[in-house]
Amino acid sequence: MSRRALCILAFLASQTLTTQHSHAADAVKPPFDDELSKQDRIYRSRGEQRPDGYVIDRSLLSYAYTLSAEFDRSLAALGPNDRWLDIGAGRGQAVLDYVAGRYDAMNADKGTGQEAKAQAVAMSIEDRRTPVWEEAAARLGPERIRYLSGRRLSEYPLKELGQFQLISDVIGGFSYTTTLSMFIERVLSLLEVNGNFYTVLQDVHAEDGSNKPYYEGSGFLTEIARADGSELKVCPWLKSITCVEVTCELKSKWQPPIEVYRIHKTCSDVKVPALSTIFYQAGTPPERRFRLVD
């Protein structure tokens, strides 16, 4: 059994639940509702019961290091009338770094200041705010930082969220959603034309096909199949969306390797090729299989 599977089993055992490591090709698949319940327990886990792989405090420096190099430049280009949405923000550390001194220290040569920064919105499925966030929010006010929790991205009305020039997701909803095409469709509906969405997937088959699954005996964590069953890699699927320009970069030295994506919206008539979910197994992040709807 892989190291990842053992980690997940240890966590689920502590919640008086059991699971069996399965692959999409297995004859018996985990019941979908059961897996969603296990995943929900991971979302709500606290303290020692939170799995090591479920990270809630990634810094802005970590974002810049993980995502495309363009992310840092896109963030720096935002002005006071612009907005940044961070999906899967956890404690909102990246947003706190942006509005507090750490970002200013990282960009001392650019002369950044509060008056020049965009409004930053942190979104998390569970409320992970700390006293540090509360203090910053009280000092800066809702026109500078907001924290949204308790709902999935699809459950927010578009009018409530508004439009954004920059959206980021570092092992957040893009890695965890059960409805990948609906998720990306919602993200692009929130993104203004000429805006950018930066995200990442762990252990996925890269566009050039140069990598193998990281965990021995398992498939990639996220897989897409065409209607005839043949493989469709994530990057080409993203590139098939209308009104976007997509760049994909494999970072093979990471463990597990990651593929990072920059999705630039070029026009408003976005059409996302629909996917159906055929497999989902709880994890940090989960294993998922999707099929292109013909």
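The values are calculated or read from the model by the stated rules, or taken from the named source; none is laboratory data. Note that the structure is predicted; figures quoted are calculated from it, not measured. Neighbour counts are summed over all protein chains in view; Cβ atoms, including those assigned to glycine, are modelled from backbone coordinates with ideal geometry.
Structure notes:
- Selection within the range 225-279 - of a type in the set (Gly, Ala, Ser), part of a loop (DSSP other than H, G, I, E, B) and surrounded by 15 or more Cβ atoms within 10 Å (Cβ to Cβ): ALA274
- Qualifying residue in the range 212-223 (condition: under 19 Å from ASP82 (Cα atoms), of a type in the set (D, E, K, R) and not in a loop (DSSP other than H, G, I, E, B)): no
- Looking only at the range 187-212, residues that are of a type outside the set (S, T, N, Q) and over 20 Å from the mean Cα position of the chain (by Cα) come to 4 in all.
- Meeting the requirement of 3 or more residues that are of a type in the set (D, E, K, R) and either under 28 Å from GLY92 (Cα atoms) or modelled with pLDDT of 85 or more (or both), the helices (runs of 4 or more DSSP H) wholly within the range 1-80 are 32-44, 70-77.
- Inside the range 175-192, residues that are touching a helix residue (DSSP H, G or I) at 6+ places or on another chain (Cβ under 8 Å) and under 16 Å from TRP84 (Cβ atoms) make up a count of 2.
- Candidates LYS233, LYS239, filtered to the one that is more than 15 Å from ARG291 (Cβ to Cβ), charged (D, E, K, R) and out of contact with any Leu (no Cβ under 8 Å at 6 or more places or on another chain): LYS239
- Those residues of the range 140-193 which are under 27 Å from THR130 (Cβ atoms) and exposed (fewer than 14 other Cβ atoms within 10 Å of the Cβ), in sequence order: GLY141, PRO142, GLU143, GLY150, ARG151, SER154, GLU155, GLU160, GLY162
- Against the conditions (1) touching a residue at least 60 places away in the same chain (Cβ under 8 Å); (2) out of contact with any Phe, Trp or Tyr (no Cβ under 7 Å at 6 or more places or on another chain), ARG288 satisfies every one except (2).
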